[in-house]
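The values are calculated or read from the model by the stated rules, or taken from the named source; none is laboratory data. Since we're looking at a predicted model, the values are computed, not measured. Here Cβ is always computed from backbone atoms with ideal geometry, including for glycine, and neighbour counts include all displayed protein chains.
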Amino acid sequence: MMTAGIACGLFILEEVSPTAMTDGPQNAEVHPPEEAPPEQKANTRRTMSRKTESTIERETAVRGLENVVAGDTRICTVDGGSGSLIYCGYEIRELAAQASFGEAVYLLWHGELPTEAELDTFRARLVGEMRLPSQVIEMIKLSPPSAHPMDLLRTAVSALAMYDPEAEDRSSEACERKAVRLLAQTITIVADMHRVRHRLPVLSADLDMSFGANFLYMLRGKLPTEEEIAAFELLLMLHLEHGFNASTFAARVTASTLSNMHAALTSGLGTLKGRLHGGANERALNIFSKVDGIEEIEDYIDGMLNEGKRVMGFGHRVYKVEDPRARLLRSHSQTLCARADMAELSAIATRVEQVVLDRKGIYPNVDFYSAIVQHALGIPKSYFTAIFACARTAGWLAHIREQYADNRLIRPTSNYTGPIGKTARPIEERS
Ligand code: CMC
């Protein structure tokens, strides 16, 4: 039988026996029976004196915290069984059809979609904050050209705390201002980094353009087409938020210590970089350079799987059906590839999907099609995860503020598997 227990802020779904259920609430004190025989009393005393330890011993660690409910949120929910992703009450396909990335950010931060006037004001504020302290620009210039964009982004966001006079102010008003500033600055870091590294002039955002259009323009230096804007806006919207994923959880853990927003974002960025998380999109593209044509795909994937390797951009911890984000991006990737003269890439992608589904029964996740869309937009591969991070920054910021608003230090416990009772000898007696 499944029941719920709370352990140090983590709400754990735990398998318990029917007898354990009759003992009362899972977190209740363990009381000795009223008339225990003497030998049983001794045992009971031992149990009571080591109550904390024995409680830990009885619990089962949930590997990877799979299915552990670690908190409440009003921001987003993911139903892996039906393939549904909901931002503040709206199904993602509804939002994709009706709203821009900027509108979705506003939704996550305010709980409602904006009116036209509200969106104009919001966009003006964001664009107005798209500038960096000169010291951070210098830091970008001084960074080794080989530095991964995610390492530089993480370092620059961390550094921004030192130049933000409101960094330590956790009032709701200051947090709102910092959220606008940090989202704008994160995007500016990525765009400026690319321009500086290629010795190109840094560009300013245009107030008349949407958020996604501005980002593409500041990065590539040319005005995007309507089709490019639609694909990129959607890509950003789909990366914006995804519940208690690893990086969001990391950001919330940091926020729960009442560290500042910059520190919490830095935690999120460090976590997102990993190849099992956001770092998968850069690697998802590798497969396309490893095969010479569609006919090689089957052997290539079989070879990978036989060696126990993972196909990047496939599988998901939560989705057991197709990732709705991949479904939404697929058609845009096909349109862009056709325009960008990359029709073969699209055909290879379809074949890779078929083979992986056939062999492993798993579907592409958002990273697979996001890699193709970004490639077709002419974005360098090493920037894919950083672009993901810019969008997710808006989600992290919503979570950080939600955590601050109703905070309890996130501090789980562990299942100790090491020895106990060892005697420490003086160093000269140790062999
Ligand atoms: N390629 C090959 N086999 C896979 C893959 C994959 N990408 N993903 C899962 N499997 C297999 C895995 O080998 C296992 O097979 P078996 O039962 O035969 O041993 C089975 O599927 C279950 O895998 P799991 O490791 O229990 O699944 P998980 O929930 O721990 O992993 C995951 C989720 C995302 C880490 C994993 O699917 C993976 O490594 N995918 C590749 C990396 C990737 O694309 N990450 C992006 C995730 S979505 C965006 C984001 O979060 O940033």
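Okay, residues lined up against (1) under 29 Å from residue 340 (Cα atoms); (2) surrounded by 23 or more Cβ atoms within 10 Å (Cβ to Cβ):
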position	(1), (2)
189	yes, yes
195	yes, no
211	yes, yes
252	no, yes
274	no, no
292	yes, no
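Looking at the structure I just gave you, is residue 308 in the same structural domain as residue 100 (by TED's automatic domain parsing), free of Cβ contacts under 8 Å to residues at least 24 places away in the same chain and not in a helix (DSSP H, G or I)?
Values: in the same structural domain as residue 100 (by TED's automatic domain parsing): yes; free of Cβ contacts under 8 Å to residues at least 24 places away in the same chain: yes; not in a helix (DSSP H, G or I): yes.
For residue 308, the condition - in the same structural domain as residue 100 (by TED's automatic domain parsing), free of Cβ contacts under 8 Å to residues at least 24 places away in the same chain and not in a helix (DSSP H, G or I) - is met.
Do you know which residues across the range 106-115 are assigned to a helix (DSSP H, G or I), buried (at least 19 other Cβ atoms within 10 Å of the Cβ) and not aliphatic (A, V, I, L, M)?
Going through the range 106-115, the residues assigned to a helix (DSSP H, G or I) turn out to be 106-110.
Cutting the leftovers down to buried (at least 19 other Cβ atoms within 10 Å of the Cβ) gives us 106-109.
Those that are assigned to a helix (DSSP H, G or I), buried (at least 19 other Cβ atoms within 10 Å of the Cβ) and not aliphatic (A, V, I, L, M): 106, 109.
Among the residues of the range 156-165, how many are surrounded by fewer than 16 Cβ atoms within 10 Å (Cβ to Cβ) and within 19 Å of residue 393 (Cβ to Cβ)? It would help to see each step written out before you state the result.
Going through the range 156-165, the residues surrounded by fewer than 16 Cβ atoms within 10 Å (Cβ to Cβ) turn out to be 162-163, 165.
Then drop every residue that is not within 19 Å of residue 393 (Cβ to Cβ), which leaves 162-163.
Counting residues in the range 156-165 that are surrounded by fewer than 16 Cβ atoms within 10 Å (Cβ to Cβ) and within 19 Å of residue 393 (Cβ to Cβ) gives 2.
Counting residues in the range 373-389 that are more than 14 Å from the ligand (Cβ to nearest atom) and touching a Cys at 6+ places or on another chain (Cβ under 7 Å) gives one or more.
The residue of the range 327-355 that is farthest from residue 365 (Cα to Cα), among those that are touching a residue at least 40 places away in the same chain (Cβ under 8 Å) and β-branched (Val, Ile, Thr), is 335.
So that you can scan it fast, the table gives a plain yes or no per residue for (1) of a type in the set (Asp, Glu); (2) at pLDDT below 90; (3) within 16 Å of the ligand (Cβ to nearest atom); (4) surrounded by 15 or more Cβ atoms within 10 Å (Cβ to Cβ):
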| position | (1), (2), (3), (4) |
| --- | --- |
| 39 | yes, yes, no, no |
| 50 | no, yes, no, no |
| 73 | no, no, no, yes |
| 77 | no, no, yes, yes |
| 86 | no, no, no, yes |
| 104 | no, no, no, yes |
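With respect to the stated conditions, residue 256 fails to be among the hydroxyl-bearing types (Ser, Thr, Tyr), more than 8 Å from the ligand (Cβ to nearest atom) and free of Cβ contacts under 8 Å to residues at least 40 places away in the same chain.
Just one residue in the set 186, 115, 121 is under 30 Å from residue 90 (Cβ atoms) and touching a residue at least 60 places away in the same chain (Cβ under 8 Å); that residue is 186.
The combined condition, being closer than 28 Å to residue 68 by Cβ, surrounded by fewer than 17 Cβ atoms within 10 Å (Cβ to Cβ) and at pLDDT below 95, is fulfilled by residue 317.
As for the range 336-347, it holds at least one residue that is buried (at least 22 other Cβ atoms within 10 Å of the Cβ), away from the ligand (no atom under 16 Å from the Cβ) and over 22 Å from residue 247 (Cα atoms).
Pick from 351, 392: which is closer than 30 Å to residue 175 by Cα and either of a type in the set (Lys, Arg) or not assigned by TED's automatic domain parsing to the domain that holds residue 82 (or both)?
Being closer than 30 Å to residue 175 by Cα and either of a type in the set (Lys, Arg) or not assigned by TED's automatic domain parsing to the domain that holds residue 82 (or both) holds for just one of 351, 392, which is 392.
Can you find a residue that is within 10 Å of the chain's Cα centre (by Cα), assigned by TED's automatic domain parsing to the domain that holds residue 378 and more than 11 Å from the ligand (Cβ to nearest atom) anywhere in the range 290-298? Talk me through it step by step, then tell me what you get.
Our first condition is that a residue be within 10 Å of the chain's Cα centre (by Cα); within the range 290-298, this holds for none.
No, the range 290-298 contains no residue that is within 10 Å of the chain's Cα centre (by Cα), assigned by TED's automatic domain parsing to the domain that holds residue 378 and more than 11 Å from the ligand (Cβ to nearest atom).
Inside the range 271-289, residues that are within 10 Å of the chain's Cα centre (by Cα) and in contact (Cβ under 8 Å) with a residue 40 or more places away in the chain make up a count of 3.
Take the conditions more than 12 Å from residue 370 (Cα to Cα), buried (at least 21 other Cβ atoms within 10 Å of the Cβ) and within 11 Å of the ligand (Cβ to nearest atom) and apply them to residue 311. Does it pass? Steps first, please.
Values: more than 12 Å from residue 370 (Cα to Cα): yes; buried (at least 21 other Cβ atoms within 10 Å of the Cβ): yes; within 11 Å of the ligand (Cβ to nearest atom): yes.
Yes; evaluated as a whole, the condition is true for this residue.
Evaluated against (1) within 26 Å of residue 400 (Cβ to Cβ); (2) touching a His at 6+ places or on another chain (Cβ under 8 Å), residue 345 falls short on exactly one condition, (1).
Scanning the range 116-148 for residues that are surrounded by 11 or more Cβ atoms within 10 Å (Cβ to Cβ) and part of a loop (DSSP other than H, G, I, E, B) returns 129, 130, 131, 132, 133, 143, 147, 148.
Could you please find all residues in the range 321-335 being of a type in the set (D, E, K, R) and either under 11 Å from residue 373 (Cα atoms) or more than 16 Å from the ligand (Cβ to nearest atom) (or both)? Before you say what the answer is, go through the steps one by one.
In the first step, residues of the range 321-335 are kept if they are of a type in the set (D, E, K, R); the result is 322-323, 325, 327, 330.
Residue satisfying the conditions is 330 alone.
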